[in-house]
Every structure is written in structure tokens, then in C-alpha cells.
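Reviewing the structure listed below.
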Amino acid sequence: MKLKALGALLLSAALVTVAGCGAAQNGGNKGATAGLVTDVGGLSDESFNQTSWAGLQKAGKDMDFNVKALESKRDDEYIPNLTKFAREKRTITWGMGFKIQAALQKVSNQFKDQNFAIVDTNMGGKVPKNVAAVTFKEEEGSFLMGVIAGSMTKTNKVGFIGGITSPLIKKFESGYRAGVKAANPKAEVKVVYAESFTDSAKGRALASSLYNGGTDIIYHAAGGVGKGLFNEVKTRKKGKYWAIGVDMDQSKLAPDHTLSSMVKRVDVAVYDVMKKVKDGKFPGGEQVELGLKEDGVTYSDTTKKHVPAKVLKKVDNFKQQIINGKIKVPATEDELRKFKP
């Protein structure tokens, strides 16, 4: 199944917002059930938790799964929330994000007769038989964002706001910096980390500092922290200051100030695994990785609104080189140091 073809349908799915640590539920119950446990970002993070829930809701509607979500407000809620679904003997229980990995490994080991799946976690070839792990080549999509930023900066200063310093977020940073370098070797990339995925106020403060320091384009990979970036850029001059979103098309947060978004088809990946579950082909023990070639990452459809056709042509050229294997995008600091466009 081509991810891009299905993506447009899934992103239009109705999203449910839940207050507190409650649950959201839809779909008829015909025996098959699925649960989703968010990380602390919650279902309204304008990021991968939200898109994952959209994918699961779509699966619930199309495949007659009874689906339910539990929002984790603190890290210590991961194990109780996962355990709740496991005790309900749901057909499959999803855990969202690398922060939930340790909890899911513990709970899946306790309930070996239950199926689990996790997004954004690379288990290093040691995926339990009752767990399906889905990861993305975020560095490849971020490379394209770097090409856009490097091509469109007027100050030769672009920025990156990361969430929590981690191997996952370093993939975004490394790919972005490599893309900037490939498009504009003279451009400087200023990198800051919020050490949070939820502190939007800090995100705004970091963005303000970067813009005031001469940066005119900022890409974030910081979950809810990124909302602060969009809140800040909206106060600044149109056509001079820009933001780049992540995980889903975030242009609605600042329509006149968003160049592009690095879209991760988490919703489609969730839907695809659910289809396999329905067909009796649960991919337990597998590490699935999706990149540009698989349409697992891409740039948002709204990119053409503010990015000139000439720049998009350059982006697509680099995209094809990555798909063809001519460019190996760095995913770590060490690989970035060795990278030559």
C-alpha cells in the first residue's frame, strides 16, 4: 500500500480532543479492539500523537475495531495506561513515542499473549514477538526542509529547535543541517534544545531569541514546544520571518508564515499495521522503517504556497537522489561531520 495515496484520506479523519487523563472512543465493537496510549504530548499535540489517533480512528471505522485512547499526562502514567489496555485483552495496544519504550517493553513482557505496537522506537534488532515497532527516516524528510531553508534564507542564518536531546531528535537535526549545507554552504544553522516536548512558552522564547539574532527561518522537531514557534513567528513581518513545521502539516498554525512541514505518515503507518492485524498478519518481532522511498516522510502539500517552483524543483531533485541511493542522509552528529553533498 502506497502511504502517500492513503495519507490524504486519513488526515481528514475527525480528531477527538480529550480533557485530563480520560479516554476517547469511537467505532462499533464487533469483537476486535485497539487501544492507544499517548506520551505526554497528548491527542491535541498537532504532532504524531494526533496523527496516530487519526489513523487508528480511521482503522476503527473501516475495519470495525473498537478503538480507545488514553492520554498520559506524566511519564509515570505510561505503565498503568498500557497495563489497563493489556488487562482488557485488547486485540492490539499502541504506545506512542520513544519516551514510552521502556514501559511498553516491561508491559509487553508481562502480557506475552497480548499484541503491542510502538511508534518512533528502534529496538536494535531485538523486537519481541508480540511487538511491532515502526520508525521513520526523519533525517530524509528533514533534509528536504534544510534544502528549503538553505535556498530561501535572506540572512544566511537559519535555526533548529529540538525537543529533548535524544538520538531520535538528532536525526531531525542532522538531516536538516545536511540539507542546508547541500543547498547553501554559506548558511549557518543555529541549534537550540528546549529539553521538553510540551513547554510552548519556552519554544516561543527560543524562537524569539533566534529571530532577534538574525535567523529568518526556523525548523522545529519539538512536539508541543513548536506551538510557541508559530505563536512567535505570527507576530513578525510577513515574508521576512518563517517557520517550518513537523510531523503533520502545521501551516494552519501560522498560514502566512509557514514555508513547509516535514510530514511523517504516522497515521498511515498505524492504519497499515491495523490492516495486517485484521488480516491475521500482525508483524510481531519486526522493525519497520519508512523513508522517502516508501512515502513514509515527505513535505506538506501546502509547501507550494510560499516556496517558489524553482526551489521545489531543487527539493524534488534532491529527493530523487535520496530515493535512488545517490545521497545517504546523515542521521547522527558523527555522520553529519563526514557528510559531503
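Since every read-out is calculated from the coordinates, none of them should be taken as a lab result. Note that the coordinates shown come from a computational prediction; the quantities given were computed from them, not determined experimentally. Here the Cβ positions follow ideal geometry from the backbone for every residue, glycine too, while neighbour counts run over all protein chains shown.
Does anyone have the angle between helix 101-110 and the longest principal axis of the chain? Alpha-carbon axes, 0 to 90°, nearest 10? Orientation of helix 101-110: about 10 degrees from the principal axis.
Restriction of the chymotrypsin sites (Phe, Trp or Tyr not before Pro) in segment 80-182 to DSSP coil positions whose beta-carbon has at most 13 other beta-carbons within 10 angstrom yields no sites. Among the trypsin sites (Lys or Arg not before Pro) in segment 55-129, those placed in a DSSP loop whose Cβ has at most 15 other Cβ atoms within 10 Å are K73, R74, K89, K112, K126, K129.
As a proxy for reagent exposure, ranking M274, M145, M152 by other Cβ atoms within 10 Å from fewest up yields M152, M274, M145. Fewest neighbouring Cβ atoms within 10 Å first, the residues D334, D267, D64 line up as D334, D64, D267.
Relative to the longest principal axis of the Cα atoms of the chain, the long axis of helix 78-87 lies at roughly 30 degrees.
Filter the trypsin sites (Lys or Arg not before Pro) in segment 235-317 to those in DSSP coil with at most 15 other Cβ atoms within 10 Å of their Cβ, and list the result.
Counting only loop positions with at most 15 other Cβ atoms within 10 Å, the trypsin sites (Lys or Arg not before Pro) in segment 235-317 are K237, K238, K240, K281, K293.
What do you get for the angle between helix 167-183 and the principal long axis of the chain? Use alpha-carbon atoms, 0 to 90 degrees, nearest ten. Approximately 30 degrees, to the nearest ten.
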